[in-house]
Every structure is written in C-alpha cells, then in structure tokens.
C-alpha cells in the first residue's frame, strides 16, 4: 500500500502542477465563480474530479481488503476522515481555499501517522488520540487565521 500511495501521490502532484486540469482544479477550489467567469468548464472539471476520487476510493477499498482479508462495510475507514483533514491542514492547505499542495498533504500525513504511532506506543487511549488530533487541527486553523489577518 505504501508503494501505491507514493506512486499515486507523485502522479497527482505532477498532474496538479503541470497540467491544465490541475490548474483548473486549483482555480475552482480557490473561487468557483471566478473560475467560471474565466471560461473554465466548472461542471465538467468537477465531474472529472468526482470520477477520479471514486476510482481512488475503489483502489483504496481493494488495498484495504487485501490487507485485512475482509471488509466490514459499516465501519470501514471509520476515523480516517479526521486523519485526512488533519494531514491536509498540517500540510499547509488553507481552509478558506486557494492554497495547498499534494506534497504538503503527504508530509502532513507522515506527521499525523508518526504522531498516531507514538501515541499508540505510549498507550494513549484512542479517544484521547482523536482529541489530540482535534487540538492540532484547531491550532493550525488558528495559525492560518492569524496569518491571514496580518
């Protein structure tokens, strides 16, 4: 799974930095109305992004099943949403839009994974680990807020 993760991250980084599609996605994420007024086919790009995310979710499900051997669809991926949000924010993605990168999110995910592992090795209960991630997210958002006002 790590090899797939690194490969997909590298491809998405290249797509986001070097293609018109990547620039259009960033423009739509920054200001959808301005992107539409600039002549970007917003609905078509959004459909492509949703299709890409669907393919990536399917690949993730296949990798998860191959690791575990089965899939409890009711609880599959439960708790990962907080990791994803925390990784994006720690990686420098602005919550208001307009700034962020694939590489930053990858580094953020590595930081969150190391933090999860350390807290697990220290015997911290799962609910406190989630609370700790929440504090990190709140702190990062407050730092972004302070940075944008100065």
| said: Among the numbered criteria (1) closer than 30 Å to residue 128 by Cβ; (2) loosely packed, with under 12 Cβ neighbours inside 10 Å; (3) at pLDDT 85 or above, which one does residue 75 miss? | reply: (3)
| field | Hits in the stretch 43-72 (condition: at pLDDT below 85, more than 19 Å from residue 7 (Cα to Cα) and surrounded by fewer than 12 Cβ atoms within 10 Å (Cβ to Cβ)) | value | 68, 69, 70, 72
| query | Just to be sure, is residue 99 modelled with pLDDT of 85 or more and either under 22 Å from residue 16 (Cβ atoms) or in a helix (DSSP H, G or I) (or both)? | reply | no
| task | Output the number of the condition that residue 112 fails; it satisfies all remaining conditions of (1) under 18 Å from residue 13 (Cβ atoms); (2) over 10 Å from the mean Cα position of the chain (by Cα); (3) part of a helix (DSSP H, G or I). | result | (1)
| remark: Screening 28, 40 for residues that are more than 18 Å from the chain's Cα centre (by Cα) and either surrounded by 13 or more Cβ atoms within 10 Å (Cβ to Cβ) or not assigned by TED's automatic domain parsing to the domain that holds residue 61 (or both) leaves only 40
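The values are calculated or read from the model by the stated rules, or taken from the named source; none is laboratory data. Please read these numbers as outputs of a predicted model, since none were measured by experiment. Neighbour counts run over all protein chains shown; Cβ positions are idealised from the backbone, glycine included.
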